[in-house]
Amino acid sequence: IGIIGGSGLSNPEILRYGQEKEVDTPYGKPSDVLLTGQIEDVPCVLLARHGRSHSIMPTNVNYQANIWALANEGCTHLLVTTACGSLQEEMHPGDIVVIDQFIDR
């Protein structure tokens, strides 16, 4: 399972047997090193979308490289998290939603 998330993924307690793996792809470098290990005995690969130092702006994220790197590492499923605002007044901070539209600039 590949997990793409925010800078909080650098918490060392998330993965058991965690190791860093630097990779390159046909699309260039992914956002950061891959963190491989296990969560509840399930092999997982974590990737910080904006880099662990949060140095990559959303419009500069190399999404193709990120997805390719995780697929090449054997990930057949991806979980991707994001935090954002909403234009809908009925959505409140802390609500969990599945979006079908996303405004990026």
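The values are calculated or read from the model by the stated rules, or taken from the named source; none is laboratory data. Fair warning: this is a prediction, and the values are worked out from it, not measured in the lab. Every residue, glycine among them, receives a Cβ derived from its backbone with ideal geometry; neighbour counts consider all protein chains shown.
Some values worked out for this structure:
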read-out	value
Condition met for residue 4 (among the hydrophobic types (A, V, I, L, M, F, W, C), in contact with a helix residue (DSSP H, G or I) (Cβ under 9 Å, 6 or more places away or on another chain), closer than 15 Å to residue 75 by Cα and surrounded by 13 or more Cβ atoms within 10 Å (Cβ to Cβ))	yes
Index of the failed condition, residue 87 passing every other in (1) at pLDDT below 95; (2) part of a strand (DSSP E or B)	(2)
Considering residues of the stretch 43-53 that are surrounded by 14 or more Cβ atoms within 10 Å (Cβ to Cβ) and out of contact with any strand residue (DSSP E or B) (no Cβ under 8 Å at 6 or more places or on another chain) only, the residue modelled with the lowest pLDDT	52
Pair list, Cβ under 6 Å, 6 or more apart: the stretch 48-59 residue on the phi > 0 side of the Ramachandran plot and aliphatic (A, V, I, L, M), other residue in a helix (DSSP H, G or I) and surrounded by 12 or more Cβ atoms within 10 Å (Cβ to Cβ)	none
Some residue of the stretch 79-98 being surrounded by 11 or more Cβ atoms within 10 Å (Cβ to Cβ), under 15 Å from residue 2 (Cα atoms), touching a residue at least 40 places away in the same chain (Cβ under 8 Å) and touching a Ser or Thr at 6+ places or on another chain (Cβ under 6 Å)	no
Selection from the stretch 15-41 of residues that are out of contact with any strand residue (DSSP E or B) (no Cβ under 7 Å at 6 or more places or on another chain) and closer than 17 Å to residue 53 by Cα	22, 29
Residue in the stretch 52-62 that is under 23 Å from residue 101 (Cα atoms), hydroxyl-bearing (Ser, Thr, Tyr) and over 13 Å from the mean Cα position of the chain (by Cα) present	yes
Matching residues in the stretch 34-74 - criterion: being assigned to a loop (DSSP other than H, G, I, E, B) and either under 14 Å from residue 5 (Cβ atoms) or in contact with a Phe, Trp or Tyr (Cβ under 9 Å, 6 or more places away or on another chain) (or both)	49, 50, 51, 52, 54, 56, 61, 62
